[in-house]
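Heads up: the structure comes next, in structure tokens.
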Amino acid sequence: MAMIEKKNYTLRHIILIICVVVILFPLVWLISTSIRRDNAAFSPKLFSNRLTINNYKDLILQTPNVPELINELNSLSSYIGEYSGLSTAEAQSKATKYITSLEEYFAETQNNFEDLENSYDEIFTIYETRYKDQFYNEINNIRNEDYQTFQEELNTILNLSQSMGIDADTTQLQMLLSEYFTQRKEIITNLENSSLNKDSEYYIETVNTILQIPLKTSAWRIRTYRRWVKEEPEAQNFEESISSMAERWDSIETEIENIQNDIQIQAKELYGESISQVSQLEAELNDINSQISQITSQQALLERQNNEIYNSLSALFDIFIVEKERLNAAYNILSGQDLTNVEGKTPFFGEDKSFYDNVQKFYQVIPSAYKDLNSIDKFIENGFVETLALFTEVYQFLNDNFTKIYAIKDSTSILPSYQAAKSSTLKLSENIDELLPLTSQYSSNTQQLAQYSTQLNTLREQKNEIQTTLTKLRQKNEEILSNLEKIQNLPFLLVYLESTNQEISNNFESTNYASFMNSNYYPYFNPDRDRYVLMNWYNNLLESKQRFDTGRETLTVIQNQMEEDLNIFKTNLNEYLTLNQGGNVTTIEPLSEIETLYNTQYGKASADIARASRIVSDLSNYTDYSELKSKLRNIDKNLYLLQEDWSAKIRKPFLRWLINSIIVAGITSVFTVLITSVAAYPFSRMRFVGRKQGLFFLMIIQMFPGIMFMIAIYGILKFMGDYFGVFGLDSLDGLIFAYMGGIAYNMWLFKGYYDTIPDSLEESAMIDGATRFQTFWRIVLPLSLPIIAVVTILTFMNIFNEFVMARIVLQSEANYTYAVGLQTFSTGPYETEWGLFTAASLLGAIPMVVLFLSLQKWIIGGLTQGSVKG
């Protein structure tokens with residue numbers, strides 16, 4: 001008997017499972033995000049316990065909340081928007097309805113506050129009476145686990161120290177730590193047994209100061225103790241014991257330093273060469289880094305100075321360049337004169353004397369400025385150096401020949417040039433005093449920058465060499481250095497160990513223990529982020545309650561003031577509504593004050609309530625007791641609903657968009673089926689001139705996307721809308737018209753399907769007297785229901801989800817289709833509205849699912865089975 005071989009399909013199954021997960025993940029993400037309260041694309045938990053259906057309610061029902069009712073009342077009282085055509089009576093009716101809704105919200109808010117207050121009180125009561133001992137048992141279990149961990153770490157390090165020949169004597173430190181924690185426990189016990197006010201902020205700060213490690217009492221004495229003694233003189237009884245404890249902690253830190261020094265001395269004796277080389281190189285590296293930092297700082301300072309100087313010189317250059325051509329022309333004429341036999345003459349007053357004095361000054365200043373800048377590329381490129389070179393030549397000539405030129409200045413050939421040179425020189429003289437200091441400073445700074453650059457290059461080369469050598473040494477002695485560092489931190493481990501040996505019995509000890517464990521005091525202990533969440537559980541619950549109380553107080557003040565203003569508006573409703581009837585614009589003060597109050601004050605209350613909600617949500621995740629978990633989640637839910645009533649929301653006409661898409665996709669699908677079913681029939685059943693070319697033309701058309709013709713379509717729609725009033729831009733009929741261009745592909749589908757229907761059916765009917773159209777309508781189309789269903793679904797889905805063309809054609813929000821409207825949720829005023837976006841995505845899928853299910857029997861049915869008799 002043949003054996004049946006059993007095949008192993010494990011790999012195939014794994015691949016299929018992976019494919020299913022990858023394919024279904026987007027749908028799972030859509031569903032989970034649409035029902036999460038936090039408006040985030042991704043959450044630490046894909047399936048959150050903070051669930052809500054409000055995203056769907058906001059899309060479908062859109063019940064106005066407090067800020068929306070305030071806005072509606074303002075719009076109504078001003079008769080703007082949809083209220084512009086209302087009569088006073090109609091406006092009064094609507095206003096009464098809005099006022100009633102606001103009052104209901106106010107009453108509901110107060111009820112929520114009372115329920116939340118009771119829920120918080122109930123949780124605190126349940127915690128104190130039923131779960132407190134269990135909590136502290138779990139907390140002390142964590143502490144004991146830490147103790148075991150540190151004890152094992154201590155044994156490991158002591159063995160390591162022994163193997164390396166280092167004797168770490170920690171006896172004295174352990175004794176000091178034991179005495180310190182004993183004294184600390186006594187002080188805490190005495191404080192608890194005292195008659196001091198345990199709810200006082202000074203008492204709380206004192207206890208937290210005592211429990212902190214390392215102990216720092218200086219700030220406590222200045223900030224807390226002096227004020228505390230004035231309010232409660234009994235606090236003075238604890239000052240001496242706290243000071244004694246602080247002195248003991250100083251002794252501990254001194255002993256820690258002694259142990260580390262002793263370990264370091266022994267390490268140098270045993271591994272001195274390796275340690276000293278590494279230490280020396282590290283010191284040299286630190287020194288070089290310090291020098292580089294100083295030089296870089298000085299370099300930056302000089303560069304800033306040079307930028308300022310350059311701006312000033314550029315302003316001077318703008319003045320110099322204006323006179324450059326003029327002076328050059330005058331110089332060319334004056335230097336061409338024969339002055340050999342001219343007897344010089346010196347001016348003694350007036351502009352000529354000033355001209356003469358400035359020529360002498362320019363003769364001294366400009367060559368020096370030119371020397372300062374002639375090697376600097378920036379000034380060579382902008383032409384300043386060239387200008388200074390010309391001025392140097394000009395004023396050297398004028399200085400050497402001024403008296404002779406002055407003697408014959410009135411001659412016809414010289415006078416214009418003399419006057420031009422004098423005019424330019426006197427203009428330039430207003431700014432010449434600034435030139436040399438600026439160029440000298442810029443030149444000096446540039447030279448210094450060059451020196452700094454050289455020094456930096458040298459230092460960086462040295463740094464690279466030292467780093468290379470240091471890396472090699474560390475790699476060579478990596479294990480030794482690492483072990484020595486662990487031994488060096490042994491005293492800190494002992495502090496951790498002794499801390500974990502202290503029983504935790506109250507919230508102060510619990511929170512300070514968690515803070516100390518996360519402080520990195522001992523650098524080799526890195527606990528998990530959530531390890532000590534339970535130790536802060538009660539403290540976080542208190543913070544949530546405090547945040548709630550603060551938010552409640554703020555929101556109650558806001559609501560009370562709003563109620564006063566609303567009552568004023570309600571009492572004088574008819575008069576206020578009459579004021580703006582007929583186009584008048586009058587500010588309704590009560591409503592204006594309500595709006596201002598909300599816009600300016602609600603943000604703080606919202607922040608406090610949101611924080612309280614977030615805290616209790618996190619606490620519920622870390623609570624194993626179902627009773628507490630349930631009550632915490634109930635508080636979180638009520639806080640969320642309270643915010644929903646008061647927070648401003650983004651309102652979009654989503655249902656209108658969905659209906660628009662159904663109308664556009666439905667009409668386009670119907671027309672596409674009608675047109676293509678009729679147009680494809682001749683190509684399948686008839687033979688005519690151009691048939692083959694027509695089919696190829698249809699194939700070529702479908703190769704190009706419709707968006708390529710968007711400019712032409714846009715022009716046609718604009719023309720039709722402007723001149724005929726139909727099929728225009730920003731209209732659904734215009735969009736339908738644009739979508740009707742995509743029929744070529746569907747004609748091929750129909751033509752291919754018609755080819756599968758036997759001709760004998762039509763021939764039999766025509767023999768019985770049927771016309772060609774009758775055979776098409778009564779025989780071919782009924783048999784084509786599967787392809788009709790396919791074309792309908794494909795067209796509907798493509799049009800329903802199309803975005804680009806709809807975004808171009810439609811401009812007003814009311815006319816948006818589903819796909820265009822969906823995009824608006826991804827660009828909220830502050831953040832992407834992921835909750836609304838995903839909820840809208842899922843709701844938008846419903847029409848397509850319904851259509852698919854309703855046409856399913858034709859899609860999966862036989863095509864022409866049973867059509868031809870045997």
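The values are calculated or read from the model by the stated rules, or taken from the named source; none is laboratory data. What you see is a predicted model; the values in this text were computed from it and never measured. When we count neighbours, we look across all protein chains shown, and the Cβ atoms used for this are built from the backbone with ideal geometry, even at glycine.
Observations
- Residue within the stretch 626-636 that is surrounded by 17 or more Cβ atoms within 10 Å (Cβ to Cβ) and within 26 Å of the chain's Cα centre (by Cα) present: yes
- Annotation: of all residues in the stretch 203-238 being part of a loop (DSSP other than H, G, I, E, B) and in contact with a Ser or Thr (Cβ under 9 Å, 6 or more places away or on another chain), the one that is farthest from residue 251 (Cα to Cα) is 232.
- Residue that is surrounded by the most Cβ atoms within 10 Å (Cβ to Cβ), among those in the stretch 717-734 that are of a type in the set (A, V, I, L, M, F, W, C), outside any helix (DSSP H, G or I) and free of Cβ contacts under 8 Å to residues at least 60 places away in the same chain: 727
- Restricting attention to the stretch 77-121 and to residues that are surrounded by 15 or more Cβ atoms within 10 Å (Cβ to Cβ) and small (Gly, Ala, Ser), the residue that is farthest from residue 554 (Cα to Cα) turns out to be 91.
- Within this structure, residue 848 fails the test of being under 22 Å from residue 734 (Cα atoms) and modelled with pLDDT of 85 or more.
- The set of residues from the stretch 485-502 being in contact (Cβ under 8 Å) with a residue 24 or more places away in the chain, surrounded by fewer than 19 Cβ atoms within 10 Å (Cβ to Cβ) and in a helix (DSSP H, G or I) comprises 486, 488, 492.
- Among the conditions (1) within 30 Å of residue 603 (Cβ to Cβ); (2) assigned to a helix (DSSP H, G or I), the only one that residue 652 does not satisfy is (2).
- Complete set of residues in the stretch 128-164 that are more than 14 Å from residue 535 (Cα to Cα) and aromatic (Phe, Trp, Tyr): 147, 150
- Selected residue [closer than 23 Å to residue 423 by Cα, surrounded by 13 or more Cβ atoms within 10 Å (Cβ to Cβ), modelled with pLDDT of 75 or more and touching a Ser or Thr at 6+ places or on another chain (Cβ under 9 Å)] from 321, 366: 366
- From the options 574, 560, 599, 580, residue that is buried (at least 17 other Cβ atoms within 10 Å of the Cβ) and not β-branched (Val, Ile, Thr): 580
- Within the stretch 160-202, considering residues that are in contact with a Pro (Cβ under 9 Å, 6 or more places away or on another chain) and not in a helix (DSSP H, G or I), the one surrounded by the fewest Cβ atoms within 10 Å (Cβ to Cβ): 170
- Selection status of residue 777, at pLDDT 85 or above, surrounded by 13 or more Cβ atoms within 10 Å (Cβ to Cβ) and assigned by TED's automatic domain parsing to the domain that holds residue 807: yes
- All positions within the stretch 538-573 that are of a type in the set (Phe, Trp, Tyr) and farther than 30 Å from residue 134 by Cβ: 569
- Test: residue in the stretch 612-622 that is surrounded by 19 or more Cβ atoms within 10 Å (Cβ to Cβ), among the hydroxyl-bearing types (Ser, Thr, Tyr) and at pLDDT 90 or above: yes
- Filter pass, residue 586 being in a loop (DSSP other than H, G, I, E, B) and in the same structural domain as residue 107 (by TED's automatic domain parsing): yes
- Residue in the stretch 52-62 that is in contact with a Ser or Thr (Cβ under 9 Å, 6 or more places away or on another chain), closer than 29 Å to residue 653 by Cα, at pLDDT below 85 and among the basic types (Lys, Arg) present: no
- Residues considered: 606, 592. Of these, the only one that is surrounded by fewer than 16 Cβ atoms within 10 Å (Cβ to Cβ), out of contact with any Lys or Arg (no Cβ under 6 Å at 6 or more places or on another chain) and either among the hydroxyl-bearing types (Ser, Thr, Tyr) or part of a loop (DSSP other than H, G, I, E, B) (or both) is 592.
- Picking from residues in the stretch 254-281 that are of a type in the set (Asp, Glu) and surrounded by 14 or more Cβ atoms within 10 Å (Cβ to Cβ), the one that is nearest to residue 210 (Cα to Cα) is 255.
- Against the list (1) outside any helix (DSSP H, G or I); (2) of a type outside the set (Ser, Thr, Tyr); (3) in contact with a Lys or Arg (Cβ under 9 Å, 6 or more places away or on another chain), the condition residue 355 fails is (1).
- Filter pass, residue 292 being over 28 Å from residue 464 (Cβ atoms) and surrounded by 12 or more Cβ atoms within 10 Å (Cβ to Cβ): no
- Of the listed requirements (1) surrounded by fewer than 20 Cβ atoms within 10 Å (Cβ to Cβ); (2) modelled with pLDDT of 90 or more, residue 211 misses just one: (1).
- Restricting 822, 794 to those that are over 30 Å from residue 680 (Cα atoms), assigned by TED's automatic domain parsing to the domain that holds residue 718 and part of a helix (DSSP H, G or I) reduces the list to 822.
- From the options 423, 444, 505, 413, residue that is surrounded by fewer than 17 Cβ atoms within 10 Å (Cβ to Cβ), assigned by TED's automatic domain parsing to the domain that holds residue 185, among the hydroxyl-bearing types (Ser, Thr, Tyr) and out of contact with any helix residue (DSSP H, G or I) (no Cβ under 6 Å at 6 or more places or on another chain): 505
- The condition (being assigned by TED's automatic domain parsing to the domain that holds residue 116 and in a helix (DSSP H, G or I)) is satisfied by just one residue among 544, 515, 510: 544.
- Within the stretch 668-710, the residues that satisfy the criterion of being surrounded by fewer than 17 Cβ atoms within 10 Å (Cβ to Cβ), at pLDDT 85 or above and not aromatic (Phe, Trp, Tyr) are 670, 674, 675, 678, 682.
- Residue tally, condition over 60 Å from the mean Cα position of the chain (by Cα) and without any contact (Cβ under 8 Å) to a residue 24 or more places away in the chain, over the stretch 735-771: 9
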